[in-house]
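Enquirer: Okay, here's the structure, questions in a sec.
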Amino acid sequence: MRYEHVIVGGGLAGGMVAQEFREQGGDGSVLLIAREPHTPYHRPPLTKGYLRGEAGLDEVYMHPDEWWTEQSVDVRTGTEATAIDPSAHTVTLSGGDSVEYGKLVLATGATPRTLPDTVALRTLDDSQALAKQLDSGSGHLGVIGGGFIGVEAAASARMKGWDVTMAVPESVVWEHLFGAEVARYFQRHLEEHGVHVHTGTKQLPEGSYDVTLAGIGVTPNTQLAEAAGLTVSNGVETDDHLRAGDDVWAIGDIANYQSVVHGKRLRIEHWDVALNQGSYVGRTWAGKEDAPYSVVPYFFSDIGDWTWFEYVGPGSGRVDVRGSMDDDDFVAYYLDDDDHVVACLGVNRSDEVEAAKALISEHRAAPAA
Ligand SMILES: Cc1cc2nc3c(=O)[nH]c(=O)nc-3n(C[C@H](O)[C@H](O)[C@H](O)COP(=O)(O)OP(=O)(O)OC[C@H]3O[C@@H](n4cnc5c(N)ncnc54)[C@H](O)[C@@H]3O)c2cc1C
């Protein structure tokens, strides 16, 4: 069996390669190998609207099943790529079939770290299982970890009327990401809405919990790449064109790519990065792209319907906050030693966040206050 284009991983990054390749007029056979029993879908709703029952599956899946057929993209769900051989240009599938490829992209995503007696929230199936529990009446959710998944799920459970207690190792929720001043704004929203936040600890206080969620980060799925002899260190290393080897690319949560914007390697676990890197490889395969990948990483998060933010970066440094945190209307610039913008977070300030992309890539100062 031979396909000219093979995509390993059926998440957003992998799905975007196929979508953009076809949109750009790319010709030739495409196979997408997806371990989960689903065609590619978006994960952000899984802790937000979908978990709360406000958004349907139509807002979760990238496309209806028939779209992939119409686009002549063969999607093999419930199928794992178990080995790749870059010199022979082959992929072995669970079940034993071997597929020869012309070009290959790895988009295998990440797996949540786990703790005993806790649940994780990564997949559609995880979200459906938690949603079922949240719908079964009121209860008490314990959340271990102060990352995005924990905070978003905590807010959603609270909106569903559950008691929620969080154990967060940092001294303020998200302090490690945004610094204490900005982090206090987000923690205030959690607490004002009744989430019990215990900081400086990895352990929940004694109590009875109906469900305990571990939101303690993820590990990139690099086993295939490593076994194939590709360079792996905190993800699959790629060049500034997202190439990991001859006729092999790596994108999304697994990609430790050389960023021309930042002049260093980055690996970023966010929706917009998966989307843009997938599109980039799709365009490359269609012969429509040969410049280095140069998108400034962007991400967003919602805390229930209480507040939300957008961020471009990543970077840390002196923080210059403009606007009003009390009125949920502010922008925070993160500045390096030369006072150049390295990151920007905005709450209800999309224009400033968008404009900060150019400030970051051109190493410029923040606009006058
Ligand atoms: C609950 C949740 C909420 C999120 N919310 C936000 C948000 O609000 N904002 C934001 O910016 N980001 C958010 N993210 C992060 C964002 O969704 C991820 O960065 C994005 O999904 C990464 O896409 P990916 O395609 O690289 O990996 P994944 O989405 O993990 O997809 C990889 C797929 O490949 C499959 N796979 C792995 N190994 C193999 C193999 N050997 N063979 C075949 N298939 C394989 C996996 O099972 C998986 O289905 C959220 C993530 C989660 C889990």
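The values are calculated or read from the model by the stated rules, or taken from the named source; none is laboratory data. If you're wondering where the values come from, they're calculated on a predicted model, not measured in any experiment. Counting neighbours? That spans all protein chains shown, and the Cβs are built from the backbone with ideal geometry, glycine included.
Enquirer: Only one of Val260, Val281 is out of contact with any strand residue (DSSP E or B) (no Cβ under 9 Å at 6 or more places or on another chain), at pLDDT 95 or above and either within 16 Å of the ligand (Cβ to nearest atom) or at negative phi (or both). Can you tell me which? Give the derivation first.
Expert: On the way: Val281 fails: out of contact with any strand residue (DSSP E or B) (no Cβ under 9 Å at 6 or more places or on another chain).
It is Val260.
Enquirer: Taking only region 78-94 into account, find how many residues are polar (S, T, N, Q), touching an Asp or Glu at 6+ places or on another chain (Cβ under 7 Å) and in a loop (DSSP other than H, G, I, E, B).
Expert: If we filter region 78-94 for residues that are polar (S, T, N, Q), which is where we start, we get 79, 82, 87, 90, 92, 94.
With touching an Asp or Glu at 6+ places or on another chain (Cβ under 7 Å) added as a condition, the list becomes 90, 94.
Add one more test, that the residue is in a loop (DSSP other than H, G, I, E, B), and what stays is 94.
Going through region 78-94 one residue at a time, the tally reaches 1.
Enquirer: Of the numbered conditions (1) more than 13 Å from the ligand (Cβ to nearest atom); (2) charged (D, E, K, R); (3) in a loop (DSSP other than H, G, I, E, B); (4) in contact (Cβ under 8 Å) with a residue 60 or more places away in the chain, Arg122 fails exactly one; give the number of that condition.
Expert: Every condition holds for Arg122 apart from (1).
Enquirer: Can you tell me which condition His196 does not meet? The list is (1) over 19 Å from Val164 (Cα atoms); (2) surrounded by 14 or more Cβ atoms within 10 Å (Cβ to Cβ); (3) not acidic (Asp, Glu), and all the others hold.
Expert: Of (1) over 19 Å from Val164 (Cα atoms); (2) surrounded by 14 or more Cβ atoms within 10 Å (Cβ to Cβ); (3) not acidic (Asp, Glu), only one is false for His196: (1).
Enquirer: Which of the helices (runs of 4 or more DSSP H) contained wholly in region 141-254 include at least 1 residues that are more than 23 Å from Gly9 (Cα to Cα)? Explain how you work it out, then say what you get.
Expert: Values: elements: 148-159, 175-178, 180-192, 223-227.
Helices (runs of 4 or more DSSP H) meeting the threshold: 148-159, 175-178, 180-192.
Enquirer: Could you tell me which numbered condition Ala153 fails, if it satisfies all but one of (1) in contact (Cβ under 8 Å) with a residue 60 or more places away in the chain; (2) surrounded by fewer than 20 Cβ atoms within 10 Å (Cβ to Cβ); (3) of a type outside the set (Asp, Glu)?
Expert: Checking Ala153 against (1) in contact (Cβ under 8 Å) with a residue 60 or more places away in the chain; (2) surrounded by fewer than 20 Cβ atoms within 10 Å (Cβ to Cβ); (3) of a type outside the set (Asp, Glu), the one that fails is (2).
Enquirer: Residue pairs, Cβ under 6 Å, 6 or more apart or interchain, first in region 35-49 and in the same structural domain as Thr77 (by TED's automatic domain parsing) and touching a residue at least 40 places away in the same chain (Cβ under 8 Å), second of a type in the set (Phe, Trp, Tyr) and more than 8 Å from the ligand (Cβ to nearest atom). List them.
Expert: Pairs that qualify, where the first residue is in the same structural domain as Thr77 (by TED's automatic domain parsing) and touching a residue at least 40 places away in the same chain (Cβ under 8 Å) and the partner is of a type in the set (Phe, Trp, Tyr) and more than 8 Å from the ligand (Cβ to nearest atom), are Tyr41/Tyr61.
Enquirer: Quick one: which residue in Ala274, Ala225, Ala291 is over 15 Å from the mean Cα position of the chain (by Cα) and crowded, with 19+ Cβ neighbours inside 10 Å? Talk me through it step by step, then tell me what you get.
Expert: Working: Ala274 fails: over 15 Å from the mean Cα position of the chain (by Cα); Ala291 fails: crowded, with 19+ Cβ neighbours inside 10 Å.
One residue alone meets the criteria, Ala225.
Enquirer: Now a separate question. From the set of residues in region 106-119 that are in contact (Cβ under 8 Å) with a residue 24 or more places away in the chain and out of contact with any helix residue (DSSP H, G or I) (no Cβ under 7 Å at 6 or more places or on another chain), which is surrounded by the most Cβ atoms within 10 Å (Cβ to Cβ)?
Expert: Just the residues of region 106-119 that are in contact (Cβ under 8 Å) with a residue 24 or more places away in the chain, to begin with: 106-115, 117-119.
Next cut, out of contact with any helix residue (DSSP H, G or I) (no Cβ under 7 Å at 6 or more places or on another chain) only: 111-115, 117-118.
Values: Thr111: 15, Pro112: 21, Arg113: 13, Thr114: 11, Leu115: 15, Asp117: 8, Thr118: 19.
By that ranking, first place goes to Pro112.
Yes/no matrix, rows are residues, columns are (1) assigned to a loop (DSSP other than H, G, I, E, B); (2) more than 10 Å from the ligand (Cβ to nearest atom); (3) touching a Ser or Thr at 6+ places or on another chain (Cβ under 9 Å):
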residue: His5; (1), (2), (3): no, yes, yes
residue: Met16; (1), (2), (3): no, no, yes
residue: Arg22; (1), (2), (3): no, yes, yes
residue: Leu32; (1), (2), (3): no, no, yes
residue: His38; (1), (2), (3): yes, no, yes
residue: Arg52; (1), (2), (3): yes, yes, yes
residue: Ala55; (1), (2), (3): yes, yes, no
residue: Asp58; (1), (2), (3): no, yes, no
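Enquirer: Among residues belonging to region 23-34 that are buried (at least 19 other Cβ atoms within 10 Å of the Cβ) and either outside the structural domain of Leu224 (by TED's automatic domain parsing) or more than 18 Å from the chain's Cα centre (by Cα) (or both), point out the one that is farthest from Leu104 (Cα to Cα).
Expert: Step one: of region 23-34, the residues buried (at least 19 other Cβ atoms within 10 Å of the Cβ) are 26, 30-34.
In the following step, the residues that additionally are either outside the structural domain of Leu224 (by TED's automatic domain parsing) or more than 18 Å from the chain's Cα centre (by Cα) (or both) were identified as 26, 30-33.
Details: Gly26: 15, Val30: 10, Leu31: 10, Leu32: 10, Ile33: 11 Å.
In this case the residue turns out to be Gly26.
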